[in-house]
Amino acid sequence: MADLKTDFCGVPFKNPVVIASLETTNSPDLMKQAFDYGAAGAIIKTLTDIDDMAVLTMNSKYCIMNDRGDIIKGKVPRDFKFYSRSGYSSTYYKDWIPHLKELQAYAAERGAHLIGSAGAKDVDGWKDICRTIEDCGLPMVELNFGCPHPAMMPGVHGGSMIGQNPDVAYEVTKQVCEAVDIPVMVKLTPDQSQPVAVSKAVKEAGAAAVTATNRYTGFAVDIETGEPRLGGPAGIGGTWTKPLTLRYVHNIYREVGIPIAGSNGVFDHRDVVEFLMTGADVVEVGSILMIKGMKWLPNIIKGLDRFMDEHGYADIASMRGIASNASVKDYSDQFAKSRVHANVNEQTCQNPTCNVCVQMCFYEALSQNPAGKIDVHNDKCIGCELCMDVCPFDSISMGPTTDVHYAEGYFKLPAEIYEGPDKFGTRRNNMETIEKDAPKIAAE
Ligand SMILES: Cc1cc2nc3c(=O)[nH]c(=O)nc-3n(C[C@H](O)[C@H](O)[C@H](O)COP(=O)(O)O)c2cc1C
Ligand code: SF4
Ligand code: SF4
C-alpha cells in the first residue's frame, strides 16, 4: 500500500487531500463529516469582518452548467461548470471561537487538521482574525487573496483585489506573518497576470506556502432568454479550469520554490494526481463536494491510493513535481527535441470514404492519390501530430525523423529563420475539388 503521508509547511498530513474553504466548511458539523470521511485537513469558510461578504453568503446563488452552458439536471459529469456567488462565513469570526477549539480537537483525534482562513477589511482586521485562529490552536492559516467577489462590492477592498497586486499582497502578508507564529498560506487569484511575482512577494513577506488558486470570475448567458445567468458576473470553476491553474502551479513550482496547495478543478483522484505531479504538496477539493456531497471524498482518497499502487509510486514525494521537472523550460528547449513525421496505415485508413486529415492538415502534407489512398508529403510534414488526433480510425501514427529521412528530403527546420514562398504549393480543397469530393464530404 502506498504511503500517502506528506509534509506541508512543517505540518504532517496523513494524505494530501484537504477540503477547500467553501460551503462544505461553513459549519462545525460539515467539517466533522469531512474529518470522519478521511480528509487530512479542512479549511474553514473564510472568517471575516467585512459585513457585505457575510451578507453575500446569505444571498448565495449557484448553478451547474454543462459544456453547452445549459443547466445540468441530475448527474453531474466531469466537464461541469460550477457558476456561483457566495461570500465569506456569515457567522462573525469571534462567534466561531468555541467551535474552532472543539473542531481542532476533533480533527486532531483523527490525525487531521483544522486550518484557518481569513478575509478582512483592513490590516488590523487581517491580523486580528489570524491571531484568533492561532489562539484557538489551529496549526496554520490561509489568507484569502483570491476571492472574486469583493471586487464587485463598492467600497470593499479584499480578495482578488489584494492578490492582483504584489506590493499590497506583500504588505498584508508581512503584517500577518509578524502578528502570528503559525505558518501562513496565501491563496492566489487566477484573475491576474503575475502569479509568480505575487508568489515571490508573499514568500519574501514570510508566507510559508501559496494556494494556487481560487476561482476565475466569469459571465454566463442563457441564450433562450438573453439574460445573464445568476443576474451577472460570478465565480466559475470546474475541471476545465485545471490546465489553466496547473500552469500557475508549474510556474510557481519552477520559479518560486515555495510549498504549494493546489486548488481549482478537482473532480476525482486523477486531478489530485495531476496537481501533485505538477508540484503541489497538498490538494484542496472544493465544489465537487458541494455538488456530490461529502460521501464523494473517500472515493478521491481511495482512488489516489489505488492509482499510486497501480503505477508503482511508493509515496507522495516520488510523484511530486515529476511532470514539471520533465517539462521543457522554453521553446528553444522544445525545438531541440527530436522531430517526428506522420505515417498512415493503409490497412485501416478509410479513405476515400473519409478525408478528415486531408482537410485538416494546415501544412499541405496530406493528399488523396488517384488510387484512393492518403499520400504523406514528407517534405512538408512538420510532425505537428494533429492529424493523429483527428483521425477517427486511429490510422495515423508518428515516426521519428532520422538522418536517413533527412537525406531523403523529409522536412527539416530551415537554416534561415523563415521558409521561402516556394512552400505555398497547395493541396487544399478549392471549390473545384470540393465539388468533386462533395459526396464524400456529405457522407461524413
Ligand atoms: C460556492 C463557493 C464558495 C467559496 N467560498 C470560498 C471562501 O469562503 N474562501 C475561500 O478561500 N475560497 C472560497 N471558494 C473557493 C474554493 O475554496 C476553491 O478554491 C475553488 O472552488 C476551486 O476549487 P474547486 O475546483 O475544487 O472547487 C469558494 C468556492 C465556491 C464554489
Ligand atoms: S503531422 Fe501535422 S503536418 Fe504532418 S501530416 Fe499530420 S497534420 Fe500534417
Ligand atoms: S483521417 Fe484517418 S481514416 Fe480518414 S483519411 Fe485520414 S488517415 Fe484515413
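Computed from the coordinates by the stated procedures, all read-outs in this text should not be read as laboratory data. Just so we're clear, the structure is a prediction, and the values are computed from it rather than from any experiment. Cβ placement follows ideal geometry from the backbone for every residue including glycine, while neighbour counts extend to all protein chains displayed.
Determine, from the Cβ-Cβ distance of residue 270 and residue 371 and an R0 of 56 Å, the FRET efficiency 1/(1 + (r/R0)^6), rounded to the nearest 0.05. Plugging the Cβ-Cβ distance into 1/(1 + (r/R0)^6) gives 0.80. Compared with the direct C-alpha span, the chain from residue 329 to residue 343 gains 2.1 nm at full extension, assuming 0.36 nm per residue. Rounded to the nearest 0.05, the FRET efficiency derived from the C-beta distance between residue 404 and residue 122 at R0 = 56 Å is 0.20.
Past the 32 Å Cα-Cα mark, which pairs from 337/423; 94/187; 94/302; 81/337; 81/412? Before the final figure, lay out each step's value.
Numbers: 337/423 24 Å; 94/187 22 Å; 94/302 36 Å; 81/337 36 Å; 81/412 43 Å.
Pairs exceeding the cut-off: 94/302; 81/337; 81/412.
Label sites at residue 359 and residue 63, each approximated as a point 7 angstrom past Cα along Cα to Cβ, lie 3.3 nm apart. Helix 97-109 sits at what angle to the longest principal axis of the chain, using alpha carbons and giving 0 to 90 degrees rounded to 10? The answer is roughly 60 degrees. Placing pseudo-labels 7 Å out from each Cα toward the beta carbon at residue 73 and residue 336 gives an inter-label distance of 5.8 nm. For the chain, the relative contact order comes to 13 percent (Cα pairs under 8 Å, sequence separation of at least 6).
Based on DSSP H segments of at least four residues, each scored -39500 (n - 2.57), the chain has a per-residue ellipticity at 222 nm of -9500 deg cm²/dmol. The aspartates and glutamates whose alpha-carbon is closer than 19 Å to the alpha-carbon of residue 45, local same-chain residues fewer than 8 away aside, are 23, 29, 36, 95, 102, 122, 128, 134, 135, 142, 284.
Put a dot 7 Å past the Cα of residue 92, heading toward its Cβ, do the same for residue 310, and the two dots end up 5.2 nm apart. Rg of the Cα atoms in the chain, relative to 2.2 N^0.38 Å, amounts to 1.17.
For segment 388-423, the list of chymotrypsin sites (Phe, Trp or Tyr not before Pro) that fall in a loop by DSSP and count at most 11 other C-beta atoms within 10 angstrom reads 418. With R₀ fixed at 60 Å, the C-beta to C-beta distance from residue 317 to residue 422 puts the FRET efficiency at about 0.65. Report the residues of segment 75-89 in range of a label on residue 240: point 7 Å along Cα→C-beta, backbone N strictly under 19 Å from it. Residues 75-85 qualify, since their backbone N sits under 19 Å from the label point.
With both residues required to sit in the chain, DSSP beta bridges show an antiparallel share near 50%.
Which residue fluctuates the most in the chain, going by a Gaussian network model with Cα springs under 10 Å, if the choices are 383, 111, 155? Most flexible of the set in this elastic network: 383.
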